[in-house]
């Protein structure tokens with residue numbers, strides 16, 4: 001049985017079925033991310049004065065990722081345009097570029113996540129805070145038993161508020177710090193449960209990264225296995241590329257909002 005309106009325009013909507021479906025799906029995605037952005041705003045305005053982090057993210061890496069997604073939006077469009085003019089070879093080239101750009105984006109984001117997961121805030125028994133990236137733990141380190149030591153590359157501050165705003169260069173340069181377990185009251189990395197900012201950061205960027213991964217898998221499927229449909233029904237194949245491109249442009253647009261909200265404020 002032939003499925004209607006895979007190529008032809010529906011008279012009631014002016015769109016073929018797949019394009020109508022992706023627009024409805026993207027409408028639900030707007031509500032999903034809109035709710036999360038609203039949550040971010042409410043959490044930020046409700047934070048205690050001086051306790052909302054600034055400068056915790058690497059702006060250079062965020063900028064590179066923004067450029068990567070901007071370039072991928074262009075290559076996705078060019079891949080669709082190549083299909084429109086019936087040039088399958090150029091389609092393969094442009095979509096290969098899109099896949100490589102997307103994987104590079106995910107690689108950089110994974111590096112950023114790792115950086116947060118090896119970054120520790122250590123509350124000391126004397127009320128001060130040691131903060132920095134983990135270098136090593138001694139073989140006998142056990143926080144519960146108060147044995148051993150932990151070594152960080154960072155600094156010690158008097159108050160937790162001194163760790164909130166890193167936009168200005170700290171007075172002292174990061175150095176190697178060794179802390180005994182007996183002097184540690186609490187030790188926690190900068191993972192999702194660290195504070196409100198890291199929770200919403202990992203939620204927003206993690207969900208976005210899943211969308212990037214999903215979109216990349218779809219694009220890879222058409223790139224690797226789309227030849228049969230291209231030979232039998234190039235117009236339908238072109239429509240599929242347009243639909244996947246609309247999704248890709250949406251996740252690019254979401255990042256355009258995420259970058260300034262998380263990295264530049």
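Each reported figure results from applying straightforward, stated rules to the coordinates on display, with no laboratory input. Nothing here was measured: the structure is a model prediction, and the numbers come from that model. Because the Cβ atoms are built from the backbone with ideal geometry, glycine has one as well, and the counts that use them run over all protein chains shown.
With respect to the chain, whose longest principal axis is taken over its alpha-carbon atoms, helix 59-84 is tilted by about 10°. Helix 88-117 axis versus longest C-alpha principal axis of the chain: approximately 20°, rounded to the nearest ten. A P(r) calculated from all alpha carbon pairs of the chain, with 10 Å bins opening at zero, reads 6, 24, 25, 18, 13, 8, 4, 0 percent. Per-residue Cβ neighbour counts within 10 Å put 157, 30 in the sequence 30, 157, beginning with the fewest. Using the basic label-point model (7 angstrom from Cα toward the beta carbon), what is the residue 85 to residue 207 distance in nanometres? That separation, rounded to one decimal, is 3.9 nm. Exposure proxy shown here: for 216, 151, the number of other Cβ atoms within 10 Å sets the order, fewest to most, as 151, 216.
Name the shape class, rounded, prolate or oblate, that the alpha-carbon gyration tensor gives for region 120-189, where a ≥ b ≥ c are the square roots of its eigenvalues, rounded holds for a/c under 1.5, and otherwise prolate holds if a/b is larger than b/c and oblate otherwise.
prolate
When each of the peptides 112-119, 63-70 is scored by how many other beta carbons lie within 10 Å of its residues on average, the order from highest to lowest is 63-70, 112-119. Our estimate of slack between residue 38 and residue 123, defined as 0.36 nm per intervening residue step minus the Cα-Cα distance, is 27.4 nm.
Against the chain, whose longest principal axis comes from its Cα atoms, helix 196-225 is set at around 30 degrees. Ranked by how many other Cβ atoms sit within 10 Å of their own Cβ, fewest first, the residues 72, 138, 232 fall in the order 232, 138, 72.
Once the Cβ-Cβ distance of residue 108 and residue 138 is raised to the sixth power relative to R0 = 25 Å, the FRET efficiency obtained is 0.20.
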